[in-house]
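Below you'll find the structure, written out as structure tokens, and then a few comments.
The values are calculated or read from the model by the stated rules, or taken from the named source; none is laboratory data. Predicted model only: the values in this text are computed from it and were never measured. So basically every Cβ, Gly included, is an ideal-geometry build from the backbone, and we count neighbours across all protein chains shown. Accessible surface areas use protein heavy atoms only, side chains included; no ligands, DNA or RNA. Shrake-Rupley method; radii C 1.70, N 1.55, O 1.52, S 1.80 Å.
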Amino acid sequence: MNSYLDSLNDAQKQAVLQKDGPMIIIAGAGSGKTRVLTYRIAHLMKQGVDSFNILSLTFTNKAAKEMKKRIASVVGDGEAKNLWMGTFHSVFARILRSEADKLGFPSNFTIYDTQDSVRLISAIIKEMGLDKERYKPKQILGRISSFKNSLVTVRAYFNSADMQEADMHASRPKVGEIYKEYVARCFKAGAMDFDDLLLRTNELLARFPETLAKYQNRFRYIMVDEYQDTNHSQYIIVRALADKFGNICVVGDDSQSIYSFRGANIQNILNFQKDYPDVKTFKLEQNYRSTSNIVNAANSIIAKNKTKLDKEVWTENGAGEAINVMRTISDGEEGRFVAQSIWENQMNNQLSLDSFCVLYRTNSQSRAIEDALRKKGIDYKIYGGISFYQRKEIKDILSYLRILINPNDEEALKRIINYPARGIGATTIDKLTIAANHYKKSIFDVLKYIDKIDLKINAGTKNKLQNFMNMMLRLQIESQTKNAFEIAEVVVKEAKFIKDLEKDGTPEAVSKVENIQELLNGIKDFITDKIEQGEDASLTSFLEDVALATDFDSEKKDDEPTVSLMTIHQSKGLEYLYVYVVGLEENLFPSAMSMSTRSELEEERRLFYVALTRAEKAAFLTYAQTRYRWGKLVDAEPSRFLEEIDDQYLHYLTPKAPEPAINRFVDKSIFEDAPKGIRFQKPIQRKKMERDVAQKKEIVVSSNLKKVSLVSPKMNLFDGDIIAGNIVEHNRFGTGTVLGVEGKGPDKKAEIQFATAGKKKLLLQFAKLKVIG
DNA sequence: TCTGTCGCCCTTTTT
DNA sequence: GGGCGACAGA
């Protein structure tokens, strides 16, 4: 008898035993999804499926590693070795490396991270002489990203009158030109951005049938975890690969779809049954993770969503304690409460700090929590935020390494050509860029022939360029004989990184030196690790790892136990005995950016569902009445999500009713700790402050006392004024025409046809519309 | 060409 | 509160 099967419940066992054909596993939170996936793969192998023929796509590399380990414990190390497991991005980066020449890319292509992409787009916008207020680099990148994720290539864009018209209407007629130039520049630089890893894979599979056939034959069994968060581009890849054998197993939970902002399409999971009519459906509904209070409370929240699959999560676990709700005066107080509560619970129950987790909606919220934990002497680790590899000093060193691998990497070159300072300024770089564009060569190539072409660069500067070039060429030669660690050491030395920083002597510089040291150690670890595993230990492989790694992937096991701090997005798939969800306030959670349409609000609600279902034993929900945002103190109202939880599962640690309304109209900053330096504010800022105060007064005078808070962005000046036919402007969707208005009071909605964003129904209360015609 | 200061925008969320 | 680009002056 297969012992591992005995540990599964009926539903789980059926899913594991289903071998062939398309299947979907709808897995509720905490229902043992990972176990099922792991055992299913192990079981396939036990039945004689070659591990070489199994592809498993996970959401993080860490999840892949974890799963591989667990499979190995069932079937043995050697057997598990050939399994292809990883994120979409890392698996297809690997495939693209071996097929790159077909697409005209070098096999050691660079992977641009978001920062590289934004910088390149900024440069293009500047070169094209466009207004960067109208063409905001980040927004343009967002648009290009959405093109790529829906497989709209440059050619497709220019073939689509609709798309061009949309950008015209949004007063950004040059978006297509920027897109075209961006793609060309990436190509010339031998670089792919994150979205390219998927788009180019699609290109590869579509243009080269024999390549498609090769991978179809190879990946006879395909599994996709977190299917609810796949985008169109990923969806098409999976469909193509599974087309021959049809052995496709997707796992997901529509209630936990939280990545639509990066193109995830919840329809992929909702429509799976339509895509594969002979699909077998399995539902894992028993939750083993949480108390019944938590499960039921979470169910009561998600019930408010309209778009969902039919599923009932239940548990046999005991009720446990009620979910605690805590109101505090300020975000600082919130942090202190969390720290105190963690400390007490840890002491009273003799727990490891690993049992605690603090979740927030935005990274910037971590600050107040950190301060409080530090003061209490509680160890913590922050996941996400600015990752180690994004720090300036680290990116600079990595840029040197990137150029050694791929000299055409434009972004890396521009970063370091004058860092550390060697007298090569913006003017010179501009000249080089122009020459490079003119000759259709990379800047590195132009530098190689700097003697032979006349760039009107004076002799002194030319000399500096040549010195730089000589150093890079020397490093390049060395990199052929040295391993990644050795070459990184040489780079640090040659470029005088540490020397310069040590001369500086400031605390920041000291910490930078430490970071560089840590990077070198990291490279060393990487190499030893890879050599031990018999895997690729090259510099290319290291750089790829860095580009695609998330914080979790690099986590070390032997670390001291710590409290975990992270965004809710990052917490997907994890579980903790005690979970603190902080900042349950309107405009923060749900985010002010995501409450103008029903679907946005539903995604925020799913996010809350994810947060709550991380908890095994106890959950704390906290909100503050005032909070520093952008360095300013602002008032906050409790999140609507608190109202949505069935009251019977809640325990209020503070009285539920907020303080009497009258107090809400006194300027608190007069009495409480005023923002630092307020007395030294410049006249202009003071004026702005006075204006703010004046506006507050006006609001108080002109509105219903009970409903309106001081600085609530909920105030909508146009409520009631909007009628069909109005032209309106929305800060995210751009301009649009009002088609109709329905509902009244807080439910009043307008249906608007936006030029770029399509048709939307917006709640006027939140939409912050400006009537312009 | 370098350096320091000012002012703007920023904050959703991530591979 | 902070990071980054623009701008001015050396």
Over the stretch A:388-548, with every protein chain in place, what whole percent of the accessible area is carbon and sulfur at 1.4 Å, could you tell me? 50
Using modelled amide H (1.01 Å from N, peptide plane; none on Pro or chain starts), what sits under 5 Å from the amide H of A:Ser257, excluding residues fewer than 5 places away? none
Under a straight-distance cross-link criterion of Cα-Cα below 15 Å, which aspartates and glutamates are reachable from A:Lys656, leaving out those fewer than 8 residues away in the same chain? A:Glu585, A:Glu637, A:Glu643, A:Glu644, A:Asp646, A:Asp647
Average accessible area per residue (Å²) across chain A - probe 1.4 Å, nucleic acids and ligands excluded: 47
Computed ³J(HN,Hα) along the stretch A:5-19: with the Karplus parameters 6.51/-1.76/1.60, θ = phi - 60°, integer Hz and x for glycine or proline, the list is 6, 5, 7, 9, 7, 4, 4, 5, 5, 4, 5, 5, 7, 5, 9
Using the structure shown, list the pairs from A:Lys304/A:Lys760; A:Lys13/A:Lys274; A:Lys283/A:Lys306; A:Lys33/A:Lys749; A:Lys126/A:Lys395 with a Cα-Cα distance above 28 Å, or answer none. A:Lys33/A:Lys749
In nm, give the distance between the simple-model label positions of A:Asn483 and A:Val49, each being 7 Å from the Cα along the Cα-to-Cβ direction. 3.6
Which far-off residues, 5 or more places away or on another chain, put their amide H under 5 Å from the one on A:Leu284, with H placed in the peptide plane? A:Ile26, A:Ala27, A:Gly28
For the stretch A:210-257, rounded, prolate or oblate, judged on the Cα gyration tensor with a ≥ b ≥ c (square roots of eigenvalues), a/c < 1.5 rounded, else prolate if a/b > b/c? prolate
Protein accessible area in the stretch A:110-189, 1.4 Å probe - carbon and sulfur %: 51
Say the cut-off is 21 Å between C-alpha atoms; which of A:Lys482/A:Lys524; A:Lys308/A:Lys761; A:Lys132/A:Lys188; A:Lys62/A:Lys414; A:Lys308/A:Lys572 go over it? A:Lys132/A:Lys188; A:Lys62/A:Lys414
Step through the residues of the stretch A:196-212 one at a time and calculate ³J(HN,Hα) from phi using the Karplus curve (6.51 cos²θ - 1.76 cosθ + 1.60, θ = phi - 60°), rounding each to whole Hz and writing x for Gly and Pro. 4, 4, 8, 4, 5, 5, 4, 4, 4, 6, 7, 8, 10, x, 5, 5, 4
Counting only residues 5 or more apart in sequence or on a different chain, those whose built amide H sits under 5 Å from that of A:Trp84 are A:Ile54, A:Ser56
Share antiparallel - DSSP beta bridges, chain A, percent rounded to 5: 35
Could you run the Karplus curve 6.51 cos²θ - 1.76 cosθ + 1.60 with θ = phi - 60° over the stretch A:257-262 and give me ³J(HN,Hα) per residue in whole Hz, x for Gly and Pro? 7, 9, 10, 5, 5, 10
